[in-house]
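The values are calculated or read from the model by the stated rules, or taken from the named source; none is laboratory data. A quick note: this is a predicted structure, and the numbers were derived from the prediction, not measured. Reconstructed Cβ throughout: ideal geometry from the backbone, glycine too, with neighbour counts over all protein chains shown. Surface accessibility is based on the protein's heavy atoms, side chains included, excluding ligands, DNA and RNA. Shrake-Rupley method; radii C 1.70, N 1.55, O 1.52, S 1.80 Å.
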Amino acid sequence: MSGSQRSLAKGSAPPGPVPEGVIWLYGMRFCPYVQRALLVLLAKGIKHEVININLKSKPEWFFEKSPFGLVPSLETSDGKIIYESPIVCDYLDEAYPGKKLSPTDPYERAQEKILLVHFSQVTAVFSEILQARKKNQDLTELKARCFEKFKVIEETLSKRKTPYFGGKAASMVDYMIWPWFERLHICEITHFLEKLPRINAWQKLMLQDAWVKATYTEPEVTTGFFHLFFKDSVDATDYGLK
């Protein structure tokens, strides 16, 4: 099973047992929260398979894998289930060997988590903009509010005096933030980058990251998905698949 496979929907049979030495990621191809988990899986070199779920027509069995019916969710070969993207990503970093993506120093880890709390305010307004676009509402006030949230993130990066939020190289906090920058065009806010020089430079660096490249979705494909998403189409999650 792979990320390019059609999503499983209501009425589908549950997949068989997870193979030994593999972790299953239940996801959806266009979900930024799922991309977070994918970035961590790839960065740590964890063997995994992706099972896409149709979030407009969820299989009945999926709620055993994710009680809230949300993605991402992980399942291991010994039956462990982990869900909610921050918890999924922390689990992968702590439970699997290889490069550690989060700092070991408690204070530094706390600072990164505080930054992610601030960034959650960006993602909240981001979601409001998407809903407003879906209803053809005016976005002026929402965009202004979103920019103010981005300014806080810009200031944080300026104070750190490092190219990445995590330091001299991309790390957990960078991967947790990145997926929304792939989707700025959907909210019609790519022009924000012109007024956010530190974030703009960071974005250009992230575009060169091997794992960002591996999970990157071209803007025209994302646009096609959201075109169907705004129509509540059950086919949105499989957009672009033959």
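Figures for the structure shown
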quantity	calculated
Extension reserve of the residue 137-residue 76 stretch, reckoned as 0.36 nm per residue once the Cα distance is removed	17.7 nm
Summed side-chain charge close to residue 20 - residues other than residue 20 whose Cβ falls under 12 Å, Lys, Arg +1, Asp, Glu -1	0
Virtual paramagnetic centre 7 Å along Cα→Cβ of residue 84, amide N under 11 Å, in region 26-53	none
Exposure of residue 28 as accessible area (Å², to 10), given a probe of 1.4 Å and all protein chains	20
Accessible area expressed per residue, the chain, with surrounding protein chains retained (probe 1.4 Å, Å²)	49
Region 74-224, dipole about Cα centre (Lys/Arg Cβ +1, Asp/Glu Cβ -1), debye to the nearest 20	460
Förster radius 30 Å - calculated FRET efficiency between residue 10 and residue 94, Cβ distance, rounded to 0.05	0.30
Residue 223/residue 22 FRET efficiency (R0 35 Å; Cβ-Cβ; nearest 0.05)	0.60
Förster-model FRET efficiency, 25 Å R0, residue 118 and residue 204, C-beta, rounded to 0.05	0.70
Highest to lowest packing among 86-99, 208-221, scored as the average C-beta count within 10 Å	86-99, 208-221
